[in-house]
Every structure is written in C-alpha cells, then in structure tokens.
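Novice: The structure that follows is given in the form of structure tokens.
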Amino acid sequence: MTTPRTDRIPRVPGATGREGRSLGLLDVFLALLVVGAVDLLLFHAGGYFDQLKPESYSGRLLESSDRLDEVRAGAGAGERLVLVVGDSTAKAAIDAASLTLGVDSEGYDVTAFNYSQPGSTSRSWQQLVRDERFDASSTALVVVGVLPTALRIFEEPKPDLEILKTELGWVESWVLSGSYPTLEERLFVRFGSFLRVLWFREDLRDYLEHPAQRRRELRARGGAGRPSETRRSVESTERSMTAVRLDREGRLSLSDLPPHLRERPDLHPDLERWLRNRRRPADERIEFDPRKLRMLERLVETMDERGVPVLIAILPKMKAVFRHREIDTLRETVVQLRREGRRVEWFEDSKILDLLEDPRYFVDHLHLNPSGAAIYTEALAKVVAAQVGSRASPAPIDGASRTEIEAGPGATD
C-alpha cells in the first residue's frame with residue numbers, strides 16, 4: 001500500500017488543515033463578490049450600454065430611445081405623443097412624420113413616434129410601453145401595428161430578450177421568462193436577470209475581439225455617419241416585388257430578382273413559398289401562441305390603468321401570405337378585452353388591405369415600401385385622429401363603435 005505524497009497537495013502558505021480550507025473558501029467568496037460588483041456596475045447600472053454594438057437589437061433600441069427623448073424635448077406645450085409599437089413590418093408600414101401631419105390636419109396637436117423594433121413580438125411591446133414616459137398626461141394613444149404572423153407559434157432564438165436586456169429589472173425578467181415555451185429559455189432569462197453578463201456575453205466578446213471596429217461604429221452612430229430612418233426609407237423608394245417570379249421548374253428565378261433581394265439569400269425560401277402559394281393558395285391557419293397573446297393583453301391592461309387607449313392596427317400583407325380569416329383569434333382577444341371594459345380599438349380597413357396586397361407596394365414578402373406606407377399611414381391617420389378626439393372629450397365607448405369591432409372584417413368599409 002502506497003502512501004500519498006504530501007508534497008503534491010497544494011497548501012496555503014502559513015496555514016494548514018481547516019485554516020487552509022477556510023482561506024480557500026474566502027478566496028472564492030471574494031472572487032464572486034468582485035464578479036458580482038463588476039456585473040452590477042456594467043450590466044445592471046448600465047456602465048456598458050454606451051459601448052453596445054449600434055446595429056444590434058439592443059443598440060437599435062437605445063438609439064430609438066434617445067430619439068424619442070429628442071422628439072419629446074422638441075414638442076410644443078400641450079402636444080401629446082402618439083406612440084407606435086410593433087416589429088419591423090410596423091416600422092416599414094407606419095411613417096411617423098406623415099401620421100403626425102395627418103392627425104394635425106384633423107385639428108389635433110400630436111407628435112407621432114414609431115418605436116417599433118425589428119425582430120420583436122408582443123413580449124417586447126408590452127415591456128416598452130411600461131416606460132414611465134408614457135402616461136395619460138404625455139401620451140394620447142398607443143398604436144400597436146400587428147402583422148398577425150408575429151404572434152404565431154414558431155421557433156425563435158432570443159430576439160425579444162436581445163432587444164430588452166437593457167430595460168429589464170428583476171421582476172420584469174421573471175414575467176418575461178414565463179412567456180417562453182421551453183424550460184431552457186425560461187431558465188436563461190431568469191438566471192441572466194441576476195448575472196447579466198450571460199445576456200451580454202456575445203456583444204462583449206465581439207467588442208474584445210474587434211475593439212477598433214467597435215469604436216468606429218460608435219463614432220459613426222454619434223456623428224455624421226449616424227444611420228437615419230429617413231435615409232433608410234429613401235434607399236428603398238424604388239424597390240418592389242413586381243419582378244419576383246418562379247421559373248419554368250417552379251423555382252425562384254434568381255435572374256429576375258431585384259438587387260436588394262438577390263443579396264438576401266436568407267429570404268429566398270420565404271419568397272419561393274409565397275410565389276407557390278399564389279399559384280396554389282394554401283389553406284393554412286396561423287396557430288397563435290397563447291403566451292404572446294397574453295403579453296398583448298398585458299400591454300392593453302397596463303395602458304388602460306394609466307388612462308391611455310390602445311389601437312390595434314392590422315398591417316397590410318401581400319396576397320397569399322396568410323388569409324384574413326386567420327386573424328379571428330386576435331380579433332376575439334380584443335373583443336374580450338372590450339367586454340372587460342378595457343380601452344382598446346381595432347383598425348382593419350378591408351379596402352386598404354386589399355389595395356395593398358399588390359407586390360408593387362412591398363420591398364419583400366412582408367415589408368411595405370414607402371409608396372405602400374404612404375397609403376396605409378394616410379388611412380391610419382384618420383382613425384388615430386378620431387381616437388385622439390374621443391380621448392380629448394371623455395365619453396363612454398358607444399354601441400356603434402363596439403359593433404364595428406365585433407362585426408369582423410369589412411366593418412370599417
């Protein structure tokens with residue numbers, strides 16, 4: 001029987017046995033304390049936020065938030081906000097400047113701001129409106145621009161968390177985690193609410209690997225190279241889907257694709273599916289995610305408690321992307337909220353939606369181009385003005401208005 005060599009057992013200088021183990025535990029505790037302090041300073045208190053990649057989900061949200069502050073600071077006395085939330089389809093479909101002019105022309109002094117975030121779902125929307133900046137004294141209406149596919153059940157990475165990770169407190173993190181379908185996703189959100197470096201690790205790694213590039217990106221964001229919504233819109237003015245077609249073999253004809261789609265191979269399967277559906281319309285219904293519907297309900301409830309009404313605006317789609325009747329579940333959700341006394345309205349103009357099914361109004365299979373956005377925003381502005389007007393002179397919701405919502409498609413024709 002061999003005796004272990006004691007010279008191979010690490011010892012703490014000046015300590016033996018129990019004392020050495022105690023000092024080892026103390027070292028571990030101090031290391032955790034330092035990690036926690038750094039995590040608290042950088043990722044809870046926001047010390048790292050100014051260094052986030054500008055074109056990341058969270059970087060775009062911070063830029064939008066800064067612009068919102070600028071708009072609010074430049075608003076005139078008594079001028080209230082019409083806040084638009086949604087995903088990239090709402091960002092493309094609703095032009096804030098045109099919406100402001102349209103509502104102003106009806107005699108109401110408002111400023112519209114499109115706070116929509118690409119990649120988001122109702123998880124993000126309900127969290128964004130919880131911001132203390134949006135109360136009845138400053139906000140006339142919240143418009144939720146919805147393409148119902150954003151609320152369907154589908155596999156997704158973590159876009160909502162990536163968007164919201166600079167905004168979430170501990171309580172909000174736990175609420176958000178309950179809306180994720182898998183245990184792995186729920187645990188990631190919950191553990192990350194305490195150790196935030198888990199949420200920021202990919203951005204931090206990119207920064208450490210390419211510090212010079214990140215500095216250039218940050219300088220461009222703050223200076224003349226700062227991306228602007230206006231410039232992005234101008235770039236897509238002439239883009240449309242009119243030339244997109246299938247070839248003789250029933251495949252997407254790459255030679256006919258306009259440059260902005262040819263350079264996006266990630267969109268090609270969706271475009272091919274859309275073209276095939278046009279030839280042989282599929283009778284597929286959207287399977288709504290009850291968790292996302294619950295987040296939409298939470299948004300309405302939050303704003304109702306603050307005295308701010310909500311308008312659910314159904315966004316245009318191209319023909320064969322999905323069918324009008326597939327939004328019945330979403331409409332029923334709004335009807336139920338109305339029955340509970342919540343201040344929520346429904347905008348679904350069948351004439352406008354049918355007109356804008358034409359591919360010439362889209363830059364891809366989901367997003368309107370500026371020509372399409374101008375038509376949709378003009379129609380939306382009239383409804384927003386009516387809602388702001390009813391908000392300005394408080395009155396109970398009349399029966400005709402309720403009937404229009406419960407009647408379904410075509411009620412606003």
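Novice: What residue, among those in region 129-153 that are in contact (Cβ under 8 Å) with a residue 40 or more places away in the chain and within 22 Å of Gly169 (Cβ to Cβ), is surrounded by the most Cβ atoms within 10 Å (Cβ to Cβ)?
Specialist: So, considering only residues that are in contact (Cβ under 8 Å) with a residue 40 or more places away in the chain and within 22 Å of Gly169 (Cβ to Cβ), the one surrounded by the most Cβ atoms within 10 Å (Cβ to Cβ) is Val142.
Novice: Which of the residues belonging to region 147-206 are in contact with a helix residue (DSSP H, G or I) (Cβ under 7 Å, 6 or more places away or on another chain), in a helix (DSSP H, G or I), closer than 18 Å to Gly119 by Cα and hydrophobic (A, V, I, L, M, F, W, C)?
Specialist: Leu151, Leu161, Ile163, Leu164, Leu176, Val189, Trp199, Phe200
Novice: Do any residues in region 158-175 that are within 17 Å of Tyr48 (Cβ to Cβ) and of a type in the set (Gly, Ala, Ser) have Cβ atoms under 7 Å from those of residues that are modelled with pLDDT of 85 or more and not in a helix (DSSP H, G or I), where the two are at least six apart or on different chains, and which pairs are they?
Specialist: Nothing qualifies.
Novice: How many residues does region 65-90 hold that are crowded, with 19+ Cβ neighbours inside 10 Å and without any contact (Cβ under 8 Å) to a residue 60 or more places away in the chain?
Specialist: Residues in region 65-90 being crowded, with 19+ Cβ neighbours inside 10 Å and without any contact (Cβ under 8 Å) to a residue 60 or more places away in the chain: 1 in total.
Novice: Counting just the residues of region 292-332 that are of a type in the set (Val, Ile, Thr) and modelled with pLDDT under 90, which one comes out farthest from Val383 (Cα to Cα)? Lay out the reasoning, then the answer.
Specialist: Within region 292-332, the subset of a type in the set (Val, Ile, Thr) is 300, 302, 308, 310, 312, 314, 321, 327, 329.
Okay, now just the ones that are also modelled with pLDDT under 90, so 321, 327, 329.
Details: Val321: 25, Ile327: 20, Thr329: 22 Å.
Of everything passing the filter in region 292-332, Val321 is farthest from Val383 (Cα to Cα).
Novice: Turning to a different aspect of this structure: Name every residue in region 202-217 that is under 19 Å from Ile163 (Cβ atoms) and surrounded by 13 or more Cβ atoms within 10 Å (Cβ to Cβ), in order of residue number.
Specialist: Of everything in region 202-217, those that are under 19 Å from Ile163 (Cβ atoms) and surrounded by 13 or more Cβ atoms within 10 Å (Cβ to Cβ) turn out to be Asp203, Leu204, Asp206, Tyr207, Glu217.
Novice: Which helices (runs of 4 or more DSSP H) sit wholly inside region 66-131 and have at least 2 residues that are under 13 Å from the mean Cα position of the chain (by Cα) and within 30 Å of Arg186 (Cβ to Cβ)?
Specialist: 88-93, 122-128
Novice: Okay, next question. Return yes or no: is Glu55 within 18 Å of Trp199 (Cβ to Cβ), of a type outside the set (A, V, I, L, M) and modelled with pLDDT under 90?
Specialist: Spelling it out, Glu55 is indeed within 18 Å of Trp199 (Cβ to Cβ), of a type outside the set (A, V, I, L, M) and modelled with pLDDT under 90.
The values are calculated or read from the model by the stated rules, or taken from the named source; none is laboratory data. Just so we're clear, the structure is a prediction, and the values are computed from it rather than from any experiment. Note that each Cβ is placed from the backbone with ideal geometry, even for glycine, and that neighbours are counted across all protein chains shown.
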